[in-house]
Amino acid sequence: LDWDLRKDDMNGYFYILNTDEANRCNLDKKETAILLAIRMIYDENQEHLGLEQDAICTVRDVLEKVVTDYAILPSKPNMEEVKRALTRLENHSDGKYNKGSCKFAILPTVLSAVSADKLNMIVSVLRKEENDEETEEDSAD
């Protein structure tokens, strides 16, 4: 069936990969930005955590990364968009992400969803798009 079971010895988890590159979830720009922020928060907390602990963050933490710390998006998405993106990333379960104070755990498997190379590439693409949009707005004025 073109599925490959893989083990990440360094981070202590298993994951399944479709070798035909099928069955992938396509995210929109805001969902991608939120996933990147989650990965960045995980990386920042990884130094303080052992393999037995998950990184805990709030929706507010994610939004600060998306808009302020890394400026992946030019403005804060509304809470409905954030809730929809986080629920989708949580695999369609009934998450309660409609408040900034909502806490959730980031598991090490986020490393297989967004590798370090992909993280750097996507952030540079999103920033380039933002710069291009700003240039277009400036020339329109």
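The values are calculated or read from the model by the stated rules, or taken from the named source; none is laboratory data. This one's a predicted model, so the numbers in the text were calculated from it and none came from an experiment. Positions of Cβ are generated from backbone atoms using ideal geometry, with glycine treated the same way; all protein chains shown enter the neighbour counts. Note: accessible area is taken over every heavy atom of the protein model, side chains too, but ligands, DNA and RNA are not part of it. Shrake-Rupley method; radii C 1.70, N 1.55, O 1.52, S 1.80 Å.
So here's what we get for this one:
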quantity	calculated
Count - residues of the stretch 23-43 that are among the polar types (S, T, N, Q) and open to solvent by less than 50 Å² (accessible area, probe 1.4 Å)	1
Close pairs from the stretch 124-138: first at pLDDT 70 or above and assigned to a helix (DSSP H, G or I), partner open to solvent by 100 Å² or more (accessible area, probe 1.4 Å) and not hydroxyl-bearing (Ser, Thr, Tyr), Cβ under 7 Å, at least 6 apart	none
Count of the stretch 44-58 residues which are free of Cβ contacts under 8 Å to residues at least 40 places away in the same chain and surrounded by 12 or more Cβ atoms within 10 Å (Cβ to Cβ)	4
Unmet requirement for Asn91, which otherwise passes all of (1) surrounded by 16 or more Cβ atoms within 10 Å (Cβ to Cβ); (2) at pLDDT below 80; (3) not aromatic (Phe, Trp, Tyr)	(1)
Every residue from the stretch 38-86 that is of a type in the set (Asp, Glu) and either at positive phi or in a loop (DSSP other than H, G, I, E, B) (or both)	Glu47, Glu52, Asp54
Members of the stretch 18-30 that are touching a residue at least 24 places away in the same chain (Cβ under 8 Å) and hydrophobic (A, V, I, L, M, F, W, C)	Cys25, Leu27
Among residues of the stretch 3-21, those that are open to solvent by less than 100 Å² (accessible area, probe 1.4 Å), in a strand (DSSP E or B) and either out of contact with any Asp or Glu (no Cβ under 9 Å at 6 or more places or on another chain) or of a type outside the set (Ser, Thr, Tyr) (or both), counted	6
